[in-house]
Amino acid sequence: MASQPTLSLGAAVAAGLALAAASGAEARNIVITNDDGLTSNVVALYEALKAAGHDVVVSVPCRDQSGQGAALGIARPIAPLTEPCRNDAGAAGAPGAGPMTRKGLPGDGARDFHYVDGTPVAALLHGIEVAGKARWGKAPDLVLSGPNEGQNVGAIILSSGTVSAAQYAAVSGIPAVALSAGAGTESPTLDNPLSDEVARRSVELVAHLDARSQGGAMLPPGLALNVNFPDRLEGAAWQLSEIGSYNAYKVGFTADMAASASPMMQMMAKSRGTQIPALPGVSFDFNTAPPAPEQLDDESVVYRKAIAVSPMQAGYAYPAGAAPLTREQLAALLPSAGK
């Protein structure tokens, strides 16, 4: 397991992060994105941030793009919509990216809410480079990716659009937090009490990051956060955790999805109104194996009883000063001095 980063944020989270919105907190420019599309989680977070005084732009995929990771769709023009977006964020025939046309959106409606018929990272970039730049003329102070409908813990974060969008923002120099909630926040409407509670706790974290930054960058360069909320939020404390080796989900490949379908796969198929075919594909289930004692700080374990806050290295750079390969070890490959 990776060693725990030494961060002032970590000490504060470990102490509980039990605070209300800081008085006199800065009004921040914030982009919300996700990989699920227009959801009750997004609307609740937008409303909570606006109530706290922040200026917010929402830019999300037209349709559910879960599991798309950091895919971009480079040099592929986005054609007009052939069918409506999730929750009627955009109508059939509308441009492939732009302001949402759904009536009854909160705040400034279409001015604040945007969709992209593409990947989560494409939606993020639209929020930063199109909608956000038109609003602020500069990059946002913070990117919040999510809250996702379901937790992102363990190795599955590598395929998560929620986490990948936060990572892309962080590598681009923008403070970013991936937020993931319980599956109970999934809702056929844009109104869900569980989403409201997740949003309230998310704004707690934003208030803390804002207060500790004293008007500067809300996170140190090269750092992002992966935050996972437990299914039951009542009384849940904030807890520092690590992205480690224990996986909450058991993901694999099967030659016959129908024959080996887990209860979770069957539930997912039922919720989508489909049947599992007798074809090869990726299987998905909960991991029932107990974690080893040294894995008890892993976010995959912590999120079940607390709000897991896991610091993430932005991108793939190895921590400075800790490179396992030195110039001496690579001397035969490197240009010699003076050349």
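Annotations
- Residue identified as acidic (Asp, Glu), surrounded by 16 or more Cβ atoms within 10 Å (Cβ to Cβ) and farther than 27 Å from Lys138 by Cβ among Asp64, Asp88: Asp64
- The range 231-277 - residue that is of a type in the set (Val, Ile, Thr) and not in a loop (DSSP other than H, G, I, E, B) and, of those, nearest to Ala178 (Cα to Cα): Val251
- Scanning the range 298-339 for residues that are at pLDDT below 70 and among the basic types (Lys, Arg) yields a count of 2.
- Scanning the range 56-101 for residues that are in a loop (DSSP other than H, G, I, E, B) and in contact with a His (Cβ under 7 Å, 6 or more places away or on another chain) gives a single hit, Met100.
- Any hit, the range 130-145, residues being farther than 11 Å from Asn226 by Cβ and under 11 Å from the mean Cα position of the chain (by Cα): yes
- Looking across the range 263-277, the residues that are of a type in the set (Gly, Ala, Ser) and loosely packed, with under 11 Cβ neighbours inside 10 Å come down to Ser271, Gly273.
- For the range 192-210, the condition holds for at least one residue, the condition being that it is in contact with a strand residue (DSSP E or B) (Cβ under 6 Å, 6 or more places away or on another chain), within 30 Å of Phe284 (Cα to Cα) and touching a residue at least 40 places away in the same chain (Cβ under 8 Å).
- Every residue from the range 71-104 that is without any contact (Cβ under 8 Å) to a residue 12 or more places away in the chain and within 25 Å of Ala176 (Cα to Cα): Ile74
- Here the range 102-123 is the region considered, the condition is being touching a Cys at 6+ places or on another chain (Cβ under 9 Å) and outside any helix (DSSP H, G or I), and the residue that is surrounded by the fewest Cβ atoms within 10 Å (Cβ to Cβ) is Arg102.
The values are calculated or read from the model by the stated rules, or taken from the named source; none is laboratory data. Keep in mind that what you see is a predicted model, and the values were worked out from it rather than measured. Heads up, the Cβs are rebuilt from the backbone with ideal geometry, glycines too, and the neighbour counts pull from every protein chain shown.
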